[in-house]
1. With runs of 4+ DSSP H residues as the only contributors, calculate the mean residue ellipticity of the chain at 222 nm using -39,500 (n - 2.57) per run, divided by the residue total and rounded to the nearest 500.
2. Report the label-to-label distance for E74 and A137 in nanometres (one decimal), using points 7 Å from each Cα along the Cα→Cβ vector.
3. May I ask you to compute the full-extension gain from D156 to K199, defined as 0.36 nm times their residue separation minus their alpha-carbon distance, rounded to one decimal in nm?
4. Assuming 0.36 nm per residue, please report the length gained on full extension of the stretch Y7 to I67 beyond their Cα-Cα distance.
5. Under the Kirkwood approximation for Rh and a Cα-based Rg, what ratio Rg/Rh is obtained for segment 162-270?
6. Taking the Cα centre of the chain as origin, work out the dipole magnitude from +1 charges on Lys and Arg Cβ and -1 charges on Asp and Glu Cβ, in debye rounded to 20.
7. Of the residues K162, K16, K346, which exhibits the maximal mean-square fluctuation in a Gaussian network model of the chain defined by a 10 Å Cα contact cut-off?
8. Can you list the residues of segment 3-36 with backbone N under 18 Å from a point 7 Å past the Cα of S342, pointing along Cα to Cβ?
Amino acid sequence: MKNFDVYPLFNIEPVKAQGSYLWDKEGNKYLDLYGGHAVISIGHTHPHYVKALTEQLNKIGFYSNSIQIPLQAELAEKLGKLSGYEDYFLFLCNSGAEANENALKLASFHSGKKKIISFSKGFHGRTSLAVAVTEGASMQAPVNKTENAIMLPFNDEVALEKAFSNEIAAVIIEGMQGVGGVQIPTTSFLKKIQSLCEKFGAVLILDEVQSGYGRSGKFFAHQHSGIKPDLITVAKGMGNGFPIAGVLINPKFKAVHGMLGTTFGGNHLACAAGIAVLDVIKEENLIKNSETIGNYLMENLRKAPGVKEVRGLGLMIGVELEIPCAEVRNALLKDHKIFTGSSSDKNTIRILPALNVTKEVADIFLKAFTQVLSKSLVK
Ligand code: PMP
């Protein structure tokens with residue numbers, strides 16, 4: 001059997017990783033400014049994380065959600081404290097798409113309604129309803145298309161007001177759009193969504209799968225705007241690579257046995273990974289580091305040649321170039337051994353390093369980036 005060929009691959013095979021670095025099987029050292037797709041929050045193979053997972057694996061790795069798993073309560077308590085959502089409930093699952101699928105389902109259970117508003121360039125995952133509210137025709141199979149999904153222009157308050165009615169079950173929006181090229185919702189747009197949701201009895205879902213867990217310089221990106229969503233979804237940075245995701249749920253939602261469920265969600269190993277991540281984020285002050293190094297990077301990226309716009313908060317940065325970015329990313333990888341991310345906007349590079357990235361690493365990147373851009377522009 002062979003693997004189903006759905007990913008375009010770089011011909012690089014990392015065999016070791018530490019902090020913000022990777023090594024391939026030939027011993028080449030790479031700088032990871034992409035964090036394995038915004039997943040690596042506390043740095044590769046962080047010693048506290050490795051120890052916590054190893055110790056847990058030696059005790060018990062998995063049992064079903066039919067028994068007591070106190071690690072789930074510990075994780076929920078620590079997440080509530082660090083994020084400022086102590087009164088919310090936590091439902092644990094395994095991936096970003098699954099978190100959004102469950103949030104959308106909960107919104108429909110709660111409101112008794114079906115129509116979902118989402119926004120252009122948004123990305124919410126590839127399961128049936130998550131992909132229906134995601135922009136990108138090539139990802140949607142015929143069975144995914146539904147008239148319950150209403151896609152509106154991003155940051156357009158007039159279009160939003162016009163589309164809203166009593167039929168809307170939920171609005172889903174990313175704290176900051178990632179795949180769409182790091183687009184930030186305005187505070188005024190988020191406040192408008194919140195007030196329309198309140199007025200029409202709709203549920204506000206913040207997809208913080210990529211922008212959450214300290215990446216934006218606050219625990220959640222929406223906390224820069226002072227809104228309070230009904231449901232918040234988390235994944236990527238939550239397990240630093242171990243598959244774990246969750247939905248933070250306002251206490252007004254009523255839990256009923258059987259309404260949601262999963263075999264793997266909240267297993268012992270996943271919880272051990274999730275707790276270790278939260279402990280390290282807190283102990284090492286990584287949210288502050290995300291803000292500090294993020295601001296430093298953005299300030300200096302704006303000075304680089306050929307940069308049209310730099311968008312971002314903390315360590316979620318989109319650099320829009322005057323030229324397509326594929327060649328620049330390839331040169332960074334080939335000539336400087338630096339991984340960066342792409343986006344659905346062909347001119348925008350995404351920078352998503354580990355939250356404990358240092359100023360020294362930022363400087364190495366800035367120097368290489370300026371060199372590559374100067375060369376690309378001379379051609
Ligand atoms: N929401 C957002 C904002 C994402 O960036 C992603 C992944 N790129 C997802 C949902 C889906 O997450 P997963 O791939 O874990 O299903």
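1. Values: 11 runs with 136 residues, N = 379.
That calculation yields -11000 deg cm²/dmol at 222 nm.
2. 5.1 nm
3. Values: separation 43, 0.36 × 43 = 15.48 nm, distance 1.82 nm.
Here the segment from D156 to K199 would lengthen by 13.7 nm.
4. Numbers: separation 60, 0.36 × 60 = 21.60 nm, distance 3.79 nm.
Contour length minus Cα-Cα distance gives 17.8 nm.
5. On the way: Rg = 15.0 Å, Rh = 15.1 Å.
The Rg/Rh ratio comes out at 0.99.
6. Values: 40 positive and 36 negative charges, 54 e Å.
Here the chain has a charge dipole of around 260 debye.
7. K162
8. Under cut-off, by backbone N: 5-13, 33-36.
Read-outs throughout are calculated quantities, based only on the coordinates presented, and are distinct from any laboratory measurement. This is a predicted model, so every value here is computed, not measured. Counting neighbours? That spans all protein chains shown, and the Cβs are built from the backbone with ideal geometry, glycine included.
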